[in-house]
Every structure is written in structure tokens, then in C-alpha cells.
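The block underneath contains the structure these notes are about, expressed in C-alpha cells.
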Amino acid sequence: MSVEGFDNVINKMKLHEENIRSAVLSTMGAGMNEIADRAKFFLTENHHVKTGNLRRSVKGEARQVSLTVIEGQVGTNVHYAPYVEALPDGGYLYRSVQEKIPVVEMKIVTKLKALLK
Amino acid sequence: MKDLYTKITEILTSDADLRALVGYRQTKDVPIGLEGLRAGESEMTIRRGFQTEGKWKKLVSFYFQADIVMQDFSANIRDLPLVIAIYDRTSDLNLFDISERIIFLLDESNLDVSNLTVKNKVHSYGCHYLGQIQSPTYDVDLKSYMMSIRFSIKARKEL
């Protein structure tokens, strides 16, 4: 059994290596911001905003860990954030991640498809 | 949801090791709800819902957070986040023993409750441990050490 055309894909990917990396990084960054926005929405919707400190502190970012790994993070550094996350009407981070990850994945796939056309 | 709660209660309260770890001694039937809680609150140390009142030394309370629709697959299948909060007023180290026992009991456990009721059948496709939400910490309001862990239950309600 042989697969034809696979070498072309590899060559194309090598050619666009840097473009692919930066495109994924930027899409991932935008995706993480989307997740952070969604988390802020849930905080507001569930009336967990009193001073706005927690809401303001929720941030998303993407960074390149190595040549083949790009990591996205959404979180907060406020000390009482885990308490709110664990409340029965909490789960603002988990819920936003679960809802938005398929969307972010789809965006990355679309971007890669456009680059490798 | 009600059937899932029943099943989880059954799993947690029927384990002798967990009962011993949290000092669960309730044997008599008590009324459901707040009245029942008052009737035996010191013995009822494995509780459904976010109920922390009463005189207890150790406490396990479990509750569901809002369900999440799996948009990319089917709207009928939901992700139900199950949070288990563990409290111990004497030592933070006991929290690990209790949480390990709960993880052993619930992770990959069979929560299928479709055979319990004729109507509103709920099929559960898995219960997975997701990790700690809070690492052991001291709750000043409750004067107790505490930690929370989360499980994810994938369930489908038959319409």
C-alpha cells in the first residue's frame, strides 16, 4: 500500500512552518480571550461580581512552549477564585472552557486549511 | 438528576471505609430535607447539596453544577460537573485520605440509572475525575480545612 501526495503536504508544511506557528499562536490567543470573556459573562450572570476584582482578573493567553507545542491558558490570580469556581452556581471557568474549546479547535483547523491550500 | 443523586449517595454511603473516614453513623431513617438534616446533622456527614451547617468534625458534601450541552455532538448529551467538597476541622492531611477514597469509588464508576425509573430515564456514559478545584486550604468562615474535587459525568436523558 502506498500513499501518494503525502510528501507534498510535508514539503508545504515545512515551507510554511513559521506561518503555521504564528497563525496557530494568534488564533489560540484570540480563542483564550474568547474563553476569558465567556467566563466573565458567567460571573456576571450568576451574580458573583461585587467589586469587579475577580471579573477583571480573568485573563487568557497563548504561548509557544517549544517548536511543536503551543499552550493556551485561561485563569486568574485572585486568591478567592477557587471558592467561586467550586460554588454550586460557580464553575465559570470550567463551563466556558467546555463550551468554547470546540469553537477554538474549529477556528484553528479552518486557519490551517486556508494556509495549506 | 434526582436519580443520579440517589445513585451517588448510595455509592458513597455504602462504603464502610469512607463512612469510617468521615464518621458517618446515620442508621435511622430521617425525613428528607432540612427537617432530616436537623434530626441527625452530626451523624449525617455525607450530604447532598451545599449544606455545611451543624456540629460536625468531618464532612463530605456533593452537588452538581449547571449542566453543559455538548454542542459539537448532540444536545441530548450533557456534561454534568459534580463537585465534592471535603471538610475536616482537625487535620488537613485527612482530606487527602478522604478524597482518595472518593476518587477510588466514583472514578469510572457505573452511574447508569436507566433501570431505576420507568419514566425520565437517565443514561450515564461515564464518571471521570477531573482534578482538584481547591487544594487543601483553611476556610475561616467554617473554621475547617477544606478541599474540593471535580468529576465530570456524561449523561443522556431519554425523552
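Okay, here's what the table says:
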| quantity | calculated |
| --- | --- |
| Among (1) hydrophobic (A, V, I, L, M, F, W, C); (2) at pLDDT below 90; (3) under 18 Å from the mean Cα position of the chain (by Cα), the one test that B:Leu95 misses | (2) |
| Residue within region B:107-121 that is surrounded by fewer than 21 Cβ atoms within 10 Å (Cβ to Cβ), within 14 Å of the chain's Cα centre (by Cα), among the acidic types (Asp, Glu) and away from every other protein chain (no Cβ under 14 Å) present | yes |
| Members of region A:31-60 found to be of a type in the set (A, V, I, L, M) and crowded, with 16+ Cβ neighbours inside 10 Å, listed by number | A:Met32, A:Ile35, A:Ala36, A:Ala39, A:Leu43, A:Leu54, A:Val58 |
| Candidate set from region A:55-97 (those that are charged (D, E, K, R) and more than 15 Å from the chain's Cα centre (by Cα)); member that is farthest from B:Tyr63 (Cα to Cα) | A:Arg56 |
| Checking B:Phe50 against (1) surrounded by 15 or more Cβ atoms within 10 Å (Cβ to Cβ); (2) of a type outside the set (S, T, N, Q); (3) touching a Leu at 6+ places or on another chain (Cβ under 8 Å), the condition it does not meet | (1) |
| Single residue of region B:58-76 satisfying the filter (away from chain A (no Cβ under 11 Å) and over 21 Å from the mean Cα position of the chain (by Cα)) that is surrounded by the most Cβ atoms within 10 Å (Cβ to Cβ) | B:Asn76 |
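Results for (1) more than 20 Å from B:Arg78 (Cβ to Cβ); (2) in contact with a Cys (Cβ under 9 Å, 6 or more places away or on another chain); (3) surrounded by 15 or more Cβ atoms within 10 Å (Cβ to Cβ), shown as yes or no for each residue.
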| residue | (1), (2), (3) |
| --- | --- |
| A:Ala62 | yes, no, yes |
| A:Gln73 | yes, no, no |
| A:Val78 | yes, no, yes |
| A:Tyr83 | yes, no, yes |
| A:Gly90 | no, no, yes |
| A:Ser96 | no, no, yes |
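The values are calculated or read from the model by the stated rules, or taken from the named source; none is laboratory data. As the structure is a computational prediction, the values presented were derived from the model and not from experiment. Note that we place each Cβ from the backbone using ideal geometry, even for glycine, and neighbour counts take in every protein chain shown.
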